Amino acid sequence: MSAWAQHLPALQVGVPLLTTPIIVLLRPHGLAWAAATLTSCFTFFIAVMLTLAVLDGQQVQYSMGGWPAPHGIALSVDAFSAILLLIVTGASTVALLAARQIVNAEIEASRQPLFYTAWLLALAGFVGILVSADAFNIFVFMEISSLASYVLIAGGSDRRALPAVFKYLVMGTIGATFYLIGIGLIYLMTGTLNLADMEVRIREVSDQKPILVAAGFITIGLALKAAVFPLHLWLPNAYTYAPVPVTVFLAACSTKVSLYLLLRFDFFLFQPNLLNHNIQFSYFIMPLAILAILAASSLAMIERNLKRLLAYSSIAQVGYILLGASLVSLIGLTASVIHMFNHALAKAALFLCVACLATRCVNLRIDSLRGVAKQMPWTMAAFLLAGLSLIGVPGTAGFISKWYLITAALDEGLLGVGLIVVVAAGSLMAVYYLWRVIEVAYFDKTNEGTKIVGEAPLGILVVCWLVVLSNYYFGLAPWLSTTLSSAAAQILLGQVP
Amino acid sequence: MDWLGVYYYWAFAALLMIGFYAVIAKSNLIKKLIGLSMFQSAVFLLYITMGKIDDGTAPIYHEGVSQQIFSNPLPQVLILTAIVVGISTVALGLGIIVRIQEEYGSIEEHEILGIDER
Amino acid sequence: MYYVVVIATFATMGLALVRALLGPSVYDRVLAVNMFGTKTVLVLIVIAFLYGRPDFLDLAMAYALINFVGVLAVLVFFRTRAQREPTETKGKD
Amino acid sequence: MTVFFGVFLLTLLLIVAIAMVRTDNLFVAVMLGGIFSLLMATIFFLLDAPDVALTEAAVGAGVSTVLYLAALALTAEREKIHTVHQIKALVVVTTTALLVIFATFDNVQFGDPTAPVHVHVGPWYLENTQRYMDIPNVVTAILGSFRGYDTLGELFVVFTAGIGVLFLLGARPKKDTEAAETLIPQQSETSEGLRNYLIPRLTGRLLVPIILLFGLYVQFHGEYSPGGGFQAGAIIATGIILYALLEGEAAALRVVPQWMLMALMAGGALLYGMVGIVGMLLGGQFLDYSVLADNPVVGQQVGILLIELGVGMTVSGVLLSIFHAFAARDKY
């Protein structure tokens, strides 16, 4: 077994990537789902193994093709990538477990193998970004994941998915191309593509304009892909019209992976080397983060469609993640990373509840959900509990990240007080927009003439509850997430743990 | 290659502008896609320009080639990959456009938005 | 000598491009595009000799073959369009 | 003199680019796109990048023209409104351009052999390719082996695009039945291609085998001259597309049926993956070819040959599948 252990980083990407050509060819259609789910589980298992290795203090490095680092492509896994690997592979597995019935209903049987192939490709792309230590290789895998995500979203049965996905394609490609320009400029000045090597060689040229411009391009390009507030326009419709399992998957990880890259570049590469980078970063990101929290939450407050409401909420959460990072402090970054993890848990749970609802309700407008709690008590209970985690009630995972965020803000003096007000306001707004759903579902009378619908299928419900309970598990015993997050923050700030 | 290099670089900037402008300002989806691939081509130009060495030759050994200055092969490899990524994006984009035409009967962005609002 | 050839070819390329841009009819443009392709092949060959890398003649060959396919695709497109037009005006709306 | 070439071609390129954006006839824009690609390819050639030039020509002037035309045949030929949000666009674009140009005001050296980009990683490949794998084309060496993992990723990008287009166009449009009835007689006509036109048919039929042969040459000669799996795949696909244009869709599908395309697509990707895994099983790292044979240099050569073959298979399979998916759409 130990012989295989050293190959884990390669297997992490290789397993989902190389099973895709086989899944395309699987003819009895249920098989494609089963194979995809199994592969995803196995990928999750590898991610757990890697996390254990990282917690063990090992340096997980891998040279592709046996060529050592600056000449060949290196893979490396540290605490920061490990926590995101857990999020991505976990979200994919959970979403696939819940996907079967919904996909059967929405997508013709003949197209299903293609759908699941695209799913695994997206997974492989995300994972590939996370384990890669080579700037250009990251671009390649970013494109795999983006193209596959476009395909997945276009699987939505509503025709509005198509313009939404086109918009996403255009903005995603612009983001990726900006990233490529930035990498090109850095490469021009340093002659290398390996991130660690880049970090060393950038020191000599750090005062030159191309590097500064490159930092700008990379930050903006990745912010576009991460749906940072004014650049978020592609997200709401893409999430709304995608098939629900896809929304579960993407909401939990696609913006997170871009944020991961954003933090990795801005902190690992630029922060120690560029003069005044921390101030520029704060000035640029903090207003956007505050704006995202307030504006996106307000939009969520008036939104009528449940899925889009949650999509706006996701944009607001990106704001929290960046708010922590924009403080450029150890605890702020810890808050940032831990919120990625906790938000993924909460959002996955909420969208899984939406998946439950989608199996029974014709549409997901909030006013058509009147009285649904009587018919689907388990689903709505899960929604309520997951909502509490999103708001950040003590005992839930969401509370942990808000707690860290507030602690980080307190270190900042007067500015910090202002930030705490923003966080509190954002949470109150979250209470309001989630309450609207709860109120309609629990206290309104069922619409006249709506036929009685039953509880959601057991399979999806079980998965949903599993994720909801994990929100409470990581709220009460946050050892894993806090350990990994603070290690990640230390790595980002260049303090070797 | 001093000022020529800069000229190449500025051509990259100009091309980037033209393509980017088409992506944002045009309402027709195919035109947007054309702009997008032009936008990407500009970046290809950037990379290939930076790989060129004065008086160098292509990095392929050949019997007749006595010169020993070879241009940098690495940017070329990267751009080979990037070109492939570009055509993949275009193909997928065209697929989406065809589906939009079938569902909406139009490929003008503002018309599509109008149809959905009704 | 090579330089003279290159400059002459460049001049032709410029002229072909003018036709392609100005039109007026689509057939002018098709022809101009085709001609432009041919000139590119020539430029490529001359440059290959100029730089002392005649092994790159492969490239010119690829251009020539691909250019042909491009023009043919345009023609087929025209034909389909012409056949479709009547049904399209009736069939849609 | 090179200066003059460069300036002239770049100027033409910019003129073509502006014309492409300005014209309201999409068909013209696509044709100009062909010119754009050829110009771009020539510029790449001038900049010592023949491999890239070949790819750009095969992809830009060949495949993407065909795909755009296929899409145009299904949509609209004319653009209705020229521009929206012009001011916003100008502001964003100008800012970006200023940012890019701002970068040049500081010690950027192009073409200088002592620039950082030419002294670090790049020269290592030039020095060591002979030693490790003994093939003349350094670009192929990097593509196939040193950065083989990138190429694996690239292969899967193409694969994803293929899957995506098949998935998207596998959907039945809603007003299917009605439209299909009116268009059935016409469909048999369009699928005839240019069979009734003597000159295209004669020259075309002559060229199909030449293109295919040339594709194979590019595939297997990629280690010695510009070319390799991707270019070969694109050229072979172009050859078969030519056949489809001449003899009609149905004839081309008889020669290379759908299942074969699927098998090519998946088979190429699997072949690449298997080479990687075999390397791992034989005790090397993933995608390590030097363990494939007793002599590591031979092992590298075998590995590069195999993965290039995989790339060629997948690329040709994907491009043809995409083409057929668009062309088959005519029926609706």
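Only the coordinates and a few stated rules stand behind these numbers; no lab work does. Everything quoted here is computed from the prediction, not taken from an experiment. Backbone-built Cβ (ideal geometry, glycine too); neighbour counts: all protein chains shown.
Values computed for the structure shown
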read-out: GNM top mover of B:69, B:18, B:97 - chain B, alpha-carbon springs below 10 Å; value: B:69
read-out: Value at 222 nm in deg cm²/dmol, rounded to 500, when DSSP H runs of n ≥ 4 in chain D each add -39,500 (n - 2.57); value: -24000 deg cm²/dmol
read-out: Crossing angle, helix C:57-91 versus chain C [Cα axis fit, 0-90 degrees, rounded to tens]; value: 10
read-out: Residue among D:198, D:99, D:261 with the largest mean-square fluctuation in a Gaussian network model of chain D, springs linking Cα atoms under 10 Å; value: D:99
read-out: Principal-axis tilt of helix A:29-55 within chain A, Cα atoms, nearest 10 degrees; value: 50
read-out: For the range D:137-332: rounded, prolate or oblate by the Cα gyration tensor [a/c cutoff 1.5]; value: oblate
read-out: Residue order, fewest to most surrounding Cβ atoms within 10 angstrom, among A:159, C:81; value: C:81, A:159
read-out: Relative contact order computed over chain D (Cα-Cα under 8 Å; 6+ residues apart), in percent; value: 20
read-out: Farthest positive-ward along the protein assembly as shown dipole, Cα basis, beta-carbon charges - from A:427, D:268, A:441; value: A:441
read-out: 10 Å Cβ neighbours from other chains, averaged over peptide D:222-229; value: 3
read-out: Net charge of Cβ neighbours under 13 Å - reference residue A:264; Lys, Arg +1; Asp, Glu -1; value: -3
read-out: Percent antiparallel among DSSP beta bridges (both partners in the protein assembly as shown, rounded to 5); value: 85
read-out: The protein assembly as shown, Rg to Rh (Cα coordinates; Rh as Kirkwood inverse mean 1/r); value: 0.96
read-out: Only Lys, Arg (+1) and Asp, Glu (-1) charged, at Cβ; the protein assembly as shown dipole about Cα centre in debye; value: 2460
read-out: Mean Cβ neighbour count within 10 Å, used as a protection proxy, ranking A:385-395, A:170-180, B:42-52 highest first; value: B:42-52, A:170-180, A:385-395
read-out: Dimensions (Å) - the range C:2-91, Cα atoms, principal axes, largest first; value: 60, 26, 10
read-out: Sorted peptide list for D:296-302, A:413-419, criterion being average Cβ within 10 angstrom, highest first; value: D:296-302, A:413-419
read-out: Alpha-carbon Rg/Rh ratio, for chain A, with Rh computed the Kirkwood way; value: 0.96
read-out: Nonlocal amide H pairs with residue B:70, under 5 Å, H built at 1.01 Å; value: B:57
read-out: Whole-number D in µm²/s for the range D:1-105 (Stokes-Einstein; Kirkwood sum over Cα pairs; 10 °C, 1.306 mPa s); value: 101
read-out: GNM result for chain D, Cα springs below 10 Å: residue of D:49, D:97, D:58 fluctuating most strongly; value: D:97
read-out: Packing-based exposure ordering (other Cβ within 10 Å, fewest first) of A:206, A:401; value: A:206, A:401
read-out: Positive-end residue of D:295, D:168, D:305, charge dipole of the range D:137-332 with Cβ unit charges; value: D:168
read-out: Peptide A:101-113, shielding by other chains (average Cβ, 10 Å cutoff); value: 1
read-out: Student exercise, chain D dipole from Lys, Arg, Asp, Glu Cβ charges, in Debye to nearest 20; value: 820
read-out: Helix axis angle, A:112-131 relative to chain A longest principal axis, alpha carbon, degrees; value: 40
read-out: Between the range C:1-60 and the range A:1-61, the alpha-carbon center distance in angstrom; value: 51
read-out: Amide H contacts of residue A:444 (H built 1.01 Å from N, under 5 Å, at least 5 apart or other chain); value: A:371
read-out: Partner chain coverage, peptide D:268-281 - average Cβ within 10 angstrom; value: 3
read-out: Helix-derived mean residue ellipticity, 222 nm - over chain B, DSSP H n ≥ 4, -39500 (n - 2.57), to 500; value: -26000 deg cm²/dmol
read-out: Flagged links, alpha-carbon separation over 28 Å, of B:52/C:39; A:256/A:374; A:167/A:307; A:347/B:31; A:167/A:256; B:32/B:52; value: A:256/A:374; A:347/B:31; B:32/B:52
read-out: Percent of Cα pairs exceeding the 25 Å cut-off, where the set is chain D; value: 62
read-out: Likely footprinting exposure, A:446, A:93, fewest C-beta neighbours within 10 Å first; value: A:446, A:93
read-out: Amide hydrogen neighbours beyond the local backbone of residue A:60, cut-off 5 Å, H modeled; value: A:77
read-out: Listed peptides C:11-23, D:130-142 by packing density, highest first (mean Cβ within 10 Å); value: D:130-142, C:11-23
read-out: Net charge contributed by nearby residues that have their C-beta within less than 12 Å of residue C:75 (K/R +1, D/E -1); value: +3
read-out: Selection from A:380, A:55, A:13, by position along the positive dipole direction of chain A (Cβ); value: A:380
read-out: Within chain A, helix-based [θ] at 222 nm, where runs of 4 or more DSSP H residues each add -39,500 (n - 2.57), nearest 500; value: -25000 deg cm²/dmol
read-out: Per-residue ³J(HN,Hα) for the range D:47-55, Karplus 6.51 cos²θ - 1.76 cosθ + 1.60, θ = phi - 60°, Hz, x for Gly and Pro; value: 8, 6, 10, x, 4, 5, 4, 4, 5
